[in-house]
Structures are given as structure tokens and as C-alpha cells.
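First comes the structure, then the notes that go with it.
The values are calculated or read from the model by the stated rules, or taken from the named source; none is laboratory data. Given the structure is predicted, the values throughout are model-derived calculations rather than measurements. Virtual Cβ from ideal backbone geometry, glycine too; neighbours counted across all protein chains shown. Note: accessible area is taken over every heavy atom of the protein model, side chains too, but ligands, DNA and RNA are not part of it. Shrake-Rupley method; radii C 1.70, N 1.55, O 1.52, S 1.80 Å.
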Amino acid sequence: MNWMNTRLLYSGTYSRLQKGEKTVNLTPIASTTGIGYVLAQVIFSSFFVESVKILMIIGVFSILSVATAYFSTSIHKYFYIRRHIEKVKQIDPQFGLPKRERTLIQKRGKRT
């Protein structure tokens, strides 16, 4: 890990990530890795475990772990937006406005 961190530091990867210059989207890679692990666990369990009850428990735990990961990111975004509403409105001025006012702003922007 230390070798990898040193290599990323001197290659400029960390500075690009801090500036917001993403070159690779890691979300599909991370989700594929997790799904692959779950599928491998179920396949190996089906060969080495005779009990269907164990397979069902593994499936339920897998679904719960994916749901927990999804909801934890959503909750984190919600609390971040609640605490930093000014920053969010600087990035997107239409954030939090009713739909009628957003469409009026969009129509005005198209006319000019």
C-alpha cells in the first residue's frame, strides 16, 4: 500500500483528484466487484453447503448489505445538503425552488 500511495502521489493523481479532474469513474468498478463477490459466495456455497436455508440467509445478507450501502450514501448527501445549503445554491441556483419557478427561469434563459 505504501508503494502504491507513493506512486500515486508522485504521478500527480492525488492532485488531480483534489482539483476534481476525474479520469476514471470508479463507481462501475466498485459495484461490479461487490456483485461479483456476492455471486461467487452464492456459487461456492451451493457447491459446498447442502442446506438451502444457508443459501437464503446469504442472499438476504447480501441484499441488506447493498441496501445499507445505498441508503448510507443517500443519507450522507441529505445531511450534507442540509448543512451546506448555501454552497449547493451557489453551484445550482435553482436548487430548492418550486417547479413553476424553475421552469420560468429555464424559459427566460432560452429567450435571451
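Looking at segment 64-104, which of its residues are in a helix (DSSP H, G or I) and surrounded by 12 or more Cβ atoms within 10 Å (Cβ to Cβ)? Explain how you work it out, then say what you get.
Here is the first cut: in segment 64-104, the ones in a helix (DSSP H, G or I) are 64-83, 85-91, 99-104.
If the condition is that a residue be in a helix (DSSP H, G or I) and surrounded by 12 or more Cβ atoms within 10 Å (Cβ to Cβ), then 65, 66, 69, 80, 81, 85, 88, 89, 102, 103, 104 are the ones that fit.
If we keep just the residues of segment 40-63 that are β-branched (Val, Ile, Thr) and open to solvent by 60 Å² or more (accessible area, probe 1.4 Å), which is farthest from residue 28 (Cα to Cα)?
Filtering segment 40-63 for residues β-branched (Val, Ile, Thr) gives 42-43, 49, 52, 54, 57-58, 60, 63.
Next cut, open to solvent by 60 Å² or more (accessible area, probe 1.4 Å) only: 43, 52, 54, 57, 60, 63.
Values: 43: 22, 52: 31, 54: 29, 57: 26, 60: 22, 63: 18 Å.
Once the filter is applied, the top-ranked residue is 52.
Could you check residue 25 against (1) modelled with pLDDT under 80; (2) in a helix (DSSP H, G or I) and say which number it fails?
Here residue 25 meets the rest and fails (2).
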